[in-house]
1. Stick to the Cα atoms of the stretch B:2-138, pair each with every other, and give me the Kirkwood hydrodynamic radius in Å at one decimal.
2. In whole angstrom, note down how far apart the Cα centers of the stretch B:15-29 and the stretch A:18-77 are.
3. Express the relative contact order of the stretch B:78-137 as a whole percentage, based on alpha carbon pairs under 8 Å and six or more residues apart in sequence.
4. If I fit a long axis through the Cα atoms of helix A:98-108 and take the longest principal axis of the Cα atoms of chain A, what angle between them do I get, 0 to 90°, rounded to 10?
5. Roughly how crowded by other chains is peptide A:13-23, in terms of the mean Cβ count from those chains within 10 Å of each of its Cβ atoms?
6. Output the Cα-based Rg and Dmax of the protein assembly as shown in Å, rounding Rg to one decimal and Dmax to a whole number.
7. Among DSSP bridges having both ends in the protein assembly as shown, what percentage is antiparallel? Round to the nearest 5.
8. If you put a point 7 Å past Cα along the Cβ direction, how far is that point for B:Q132 from the same point in each other copy, in nm, smallest first?
There are 2 protein chains.
Amino acid sequence: MKETLNANAQAVLEVVRSSHNHPTALEVYEAVRKVRPRIGVASVYRILHSLAQQGLIRELGRSDEACRYDGHIERHDHAICTACGALLDLPVEVRLSEEALRSAAQAAGIELHSHEVRLYGLCTACRQRLQQAESAEG
Amino acid sequence: MKETLNANAQAVLEVVRSSHNHPTALEVYEAVRKVRPRIGVASVYRILHSLAQQGLIRELGRSDEACRYDGHIERHDHAICTACGALLDLPVEVRLSEEALRSAAQAAGIELHSHEVRLYGLCTACRQRLQQAESAEG
DNA sequence: TAGTAGATTGATAATGATTATCATTATTAG
DNA sequence: CTAATAATGATAATCATTATCAATCTACTA
């Protein structure tokens, strides 16, 4: 894999770290261009994925593909597989206090309408798949 | 607006409600085609948005546009404006018990790596904007 | 130092999801 | 029945992202 960061990757990391909103890949591209004018979009995407994989930055939104629809409108929570992107309903509620929600919403300045807990991890299928791959190359 | 559901909308709603995974718009389209063969993609998208707006179904993922990146990798939570799609860091942690997380992850069958609380509502700007629009149309 | 295998890069084309356009069809009012 | 209006669907356009591939940059060797 890629262990050391070259100048392009450093610049991308710097941009993402120093921006206090959550920039899109294209926004990162525009910002990085100012300091590394020859970089291309493809490289920015490659580097962003690489940095996310190394845990140096985090990807938000886009659970990997298209928008998904849910027929169950009662509030409920989700589990998301970080490997295959599977989106599962949680059969149980992760309970959290009204008070904590209220104060968090106030701190962020939003009028709270609903909330959702997301659990990230590996689904059963991916866990097995990855374990096998690991032992095969190990 | 659209208060009553016509045959197409009924069919779309039925498909979304009866599917226990979380179908994408295209998957809904394919399923609806079987019962309403003349429907087009554009209508499916229109109907899905309309149903979501009426609160009959729910949209997941895709907070409206491109994937966003976050330079802060410490676990933290987010507030999302349902009107403009703004994605804000919560400055405070919404605390929830290890035990609740663990049992929820187990119930869903995933190996838990991380989690996130998402608060949905209106940001300050949109709150004001919508209030003004409301009072204007009376 | 020149030569070369292999990796990295970036320009560009391709893809996939979603949205806009617009002529056609259905619906309603008169 | 006819005109006005709204809804529909085929298709083109758009936007984010990914694949392709030739050009460039590294090591490393002779």
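1. This gives a value of 18.2 Å.
2. 26
3. Taking the mean separation of contacting Cα pairs over the length of the stretch B:78-137, I get 47 percent.
4. 30
5. 4
6. 20.6, 68
7. 75
8. List, nearest first: 5.9 nm.
The values are calculated or read from the model by the stated rules, or taken from the named source; none is laboratory data. This is a predicted model, so every value here is computed, not measured. Glycine gets a Cβ as well: all are built from the backbone with ideal geometry, and neighbour counts include every protein chain shown. Quick note on the areas: whole protein, heavy atoms, side chains included, nothing else; ligands and nucleic acids left out. Shrake-Rupley method; radii C 1.70, N 1.55, O 1.52, S 1.80 Å.
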